1. In segment 191-228, how many residues are aromatic (Phe, Trp, Tyr) and in contact with a Ser or Thr (Cβ under 7 Å, 6 or more places away or on another chain)?
2. Suppose the filter is within 25 Å of Phe509 (Cβ to Cβ) and modelled with pLDDT under 90; does Gly101 pass it?
3. Would you say Ala573 is outside any strand (DSSP E or B) and either within 30 Å of Gln602 (Cα to Cα) or among the hydrophobic types (A, V, I, L, M, F, W, C) (or both)?
4. State all residues of segment 687-740 that are β-branched (Val, Ile, Thr) and within 30 Å of Pro113 (Cβ to Cβ); if no residue qualifies, say none.
5. In segment 330-359, which residue that is farther than 21 Å from Val467 by Cβ and out of contact with any strand residue (DSSP E or B) (no Cβ under 6 Å at 6 or more places or on another chain) is surrounded by the fewest Cβ atoms within 10 Å (Cβ to Cβ)?
6. Quick one: Trp611 ticks every box in (1) part of a strand (DSSP E or B); (2) surrounded by 21 or more Cβ atoms within 10 Å (Cβ to Cβ); (3) within 23 Å of the chain's Cα centre (by Cα); (4) hydrophobic (A, V, I, L, M, F, W, C) except a single one, so which number is it?
7. Out of the residues in segment 725-777 that are of a type in the set (Ser, Thr, Tyr) and surrounded by 16 or more Cβ atoms within 10 Å (Cβ to Cβ), which is farthest from Gly806 (Cα to Cα)?
Amino acid sequence: MRSKIVSARLWGGLILASTAMTPAFAQQADDASHNDEEISRGRGGLEEIIVTARKREENLQNIPVAAQIVSSETLAERGIKSIENLSAMAPQLIVARTGAGSGASIALRGITPPNTSISVEQSVATVIDGIYLSGGSVLNEGLFDLAQVEVLKGPQSLFYGKNTTAGVISITTANPTRELEGMVRLGYEFRALNPSVEAFVSGPITDTLGFRLAGSFSKQYGGLFRNDTSEAIVSTYDSATGDVTDHVRPAGDKYMTGERSALVRGTLQWEPTNNLTARVKMTYTDYHDGSPAGNTKIFSCPVGGVPQNDPTTNCSRDFRVSQDPLPADIAATNPLFNRHGGKTYQDYRSLNIAGSIEYDADKFSLSLMPGFIRWKKDFMGDYDYTNGFPNEPDSLGSQIGNHTADRQRLTAASVEARLQTSLGGPINFMVGGYYQHQRIDFKEDVFFPNGPSNSAVTNPEWQYVTVAKLGRSTGETLAAFGQVLVDITSTLNFTAGARYTHETKDSTFRQPYSHPFYASTFPTGQIGAEQTFNNVSPEATLSWRVLPNITVYGSYRTGYKSGGYSISGLLAANTKASDAAFGPEKVKGFEGGIKSVLFDNQLRLNGDLFWYDYKGVQVDFFVADTLQYFTLNAAGMRTRGGELAAEFAPRALPGFTAAASIGYTDAQYRSFPFAPCIVAQSPTQGCLFGPTNDGTRNYQDLRGERPASAPEWTATANLGYESDIGNDRRLGLNISGRYSGSYKTYAFANRFAERFTQKSFIALDASLRLMAQDDSWEVALIGKNLTNRFIVTQAVDAPFTGSGTGTSNGIQSDVDGSISDPRTVSVQAVFRF
């Protein structure tokens, strides 16, 4: 009942606002013509925001899409260099960098995709220069030399295709300039001892050909997370000979994550005529850090306040983690273990090519966008997150961690063609087509605790491997889309369109080796599937420009996220081929809002309301005692709510800006009757035993429960001021805050599982800048998360902890989770020419 009252108030507030503002600000329509001139004279007022949310340049205030726009200036001013940092700007966006599987989970408006399987796509697509980048590895692509970032909320299938059921992060990099110019930005972050440099040079080669070359380099000599490990003796038992061998495990590096990144982008732009532009952008990324799980730790220990696997390991809500290396002699037998001499690591390299040809004629425009992506990711992490009981040489059963080493490869090629008419009449059309071919290859070697070995194995790489896994998934996507645009009147516009998607996937997963001790639990074998998916996603929008500066809109939207097959789980004795398959995720619903620019272009006030029903929402369940996970489809989920955002730039105080936003999200499972239970969940807490749709087992009904990463209330606030201080200098100050209500960190935790709750928090950022009047130089001091809040983005039952699921006397598991960065303070200097 409470959520219905809140939703009704939000709807009523926006309706009243739109009707009240219409007569009050009618006289402002005639003032809009001089806004750009006054802005250029430094008299305050708002700047126009141009977006490409509908694959064409438009004013943000004129499009029927809820969006958060971050300019290149704001990115630099607030030190935003990664997709994770965007959460500070869009509070309903929660980005979790995770240690395995796809490597990340990007959640928006309570829709949280799984992260443990490399095969599962995000529900929030990331698009760079119009090219879709698959999977969570996109977090390793740094944000540098950008034009702007657009966070588009709600389903975006018509223009962006599949895997956009919750939204899109659209990143546009900077283009070549008409005149020769360049920039060098030097930075240093104190906590991680992290120097960085970013630079670009851009300009014309000929009258019709321009170029831009940009690069960024960063290296941490320390780290954001302290690594608490110590030297130990590890004893292994050879199943072939019965011999026990002692190995020296050194202490791990003092800090995690020890990041190093090098990125370079080259752009060529050819404009032989006024209506033809051809552009190609090539970006190379080389990224390394000390562990894929370097931001993951055990932080909740219900049994005695210490980890059940190792009471010597820290279990506090702080920024100390535990990532143990493997003994060097064990690592030397396996190329994945030995890539960095037994130390945990993550190495990521990618090549992205984005092309575009745009032709604008009097009556139509044509665009062609080919793209190519190849990334390679190798990593090894310690996934029990403990120090591992430093042992005496004669002891067995050493808990030295669940070390997993992966080699992942992705190659994708795509092309999109689009035709848009501009006939001058009331009816226009947009039609297009899309093709993508993608292949994912996966290899994983797992070293379980307790030190098993096998000297009789035929492949020497598997001497210390517990389970070896191989997977491959090849897919093709064909799509056709179209839209009709009807100007009913000069101020009333109706659009309707649909996207048809045909997709095929051929996937195999096999375990070529399993140690004899585990052969009965995780046998060798192969499973796979050939899958075909077809979908039609329609949408329709009615938009009414009440006044030149006030627009009201309402939309019906649908979306589709690809189904697939898990090629990175564990093949257990009872695993069926169908267990690894998961179905598509679909959404339909309504969104409406109002966009306005008021008080002589001094106040921008935008609001929107949404109501979406999801079917087949993809969620991952982690089985802590066997390290298995499954991608499941929750039968139904609903999200509804609203957002209100305001930006104020008074002409009476040039250089001052104030912005704020507030969001409400009511997200809950509408149907999920046979969800797995979490560890130690009792019958009184909803864990029952009996027949389900896939056998007899423990289960719970999550109907009415909130999903993960779905805070009810979120908000942001930002104050900025820039002023002349004499001697051709300016001083700038920016203070911003982000509030998030409490939210669950695990999709299967119900209201009784408090250990999986991230409590509400406020995080503060600030920057102070001194710059030349002509912008030729700038120095800045930038602080992020100044309140040093410990923020959990995603969590699960810790491996090998807890027991008694479905009983009244179970032992709760420890909880490990991914956490956001601690407080950071950096300085930077910028030089422009």
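1. Keep residues of segment 191-228 that are aromatic (Phe, Trp, Tyr), which gives 200, 211, 217, 221, 225.
If we keep only those that are in contact with a Ser or Thr (Cβ under 7 Å, 6 or more places away or on another chain) as well, we get 211, 217, 225.
The number of residues fulfilling the criteria is 3.
2. Working: within 25 Å of Phe509 (Cβ to Cβ): yes; modelled with pLDDT under 90: yes.
It is true that Gly101 is within 25 Å of Phe509 (Cβ to Cβ) and modelled with pLDDT under 90.
3. Details: outside any strand (DSSP E or B): yes; either within 30 Å of Gln602 (Cα to Cα) or among the hydrophobic types (A, V, I, L, M, F, W, C) (or both): yes.
Against the criterion (outside any strand (DSSP E or B) and either within 30 Å of Gln602 (Cα to Cα) or among the hydrophobic types (A, V, I, L, M, F, W, C) (or both)), Ala573 qualifies.
4. From segment 687-740, those β-branched (Val, Ile, Thr) are 692, 696, 714, 716, 725, 735; that's our starting set.
Once the filter is applied, which keeps residues that are β-branched (Val, Ile, Thr) and within 30 Å of Pro113 (Cβ to Cβ), segment 687-740 yields Thr692, Thr696, Thr714, Thr716.
5. Gly341
6. (2)
7. Kept after step one, since they are of a type in the set (Ser, Thr, Tyr), are these residues of segment 725-777: 736, 739-740, 742-743, 745-746, 757, 760, 767, 776.
After this cut, where a residue has to be surrounded by 16 or more Cβ atoms within 10 Å (Cβ to Cβ) as well, the list is 736, 739-740, 743, 745-746, 757, 767.
Numbers: Ser736: 46, Tyr739: 36, Ser740: 33, Tyr743: 25, Thr745: 21, Tyr746: 18, Thr757: 21, Ser767: 51 Å.
My answer is Ser767.
Yes/no matrix, rows are residues, columns are (1) of a type in the set (Gly, Ala, Ser); (2) within 21 Å of the chain's Cα centre (by Cα); (3) within 25 Å of Thr477 (Cβ to Cβ); (4) surrounded by fewer than 22 Cβ atoms within 10 Å (Cβ to Cβ):
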{"residue": "Leu542", "(1), (2), (3), (4)": "no, no, no, yes"}
{"residue": "Gly554", "(1), (2), (3), (4)": "yes, no, no, yes"}
{"residue": "Tyr560", "(1), (2), (3), (4)": "no, yes, yes, no"}
{"residue": "Lys586", "(1), (2), (3), (4)": "no, yes, yes, yes"}
{"residue": "Val597", "(1), (2), (3), (4)": "no, no, no, no"}
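The values are calculated or read from the model by the stated rules, or taken from the named source; none is laboratory data. Please read these numbers as outputs of a predicted model, since none were measured by experiment. Don't worry about glycine lacking a Cβ; one is built from the backbone with ideal geometry, like all the others, and counts go over all protein chains shown. These accessible areas exclude ligands, DNA and RNA; they are computed on the full protein's heavy atoms, side chains included. Shrake-Rupley method; radii C 1.70, N 1.55, O 1.52, S 1.80 Å.
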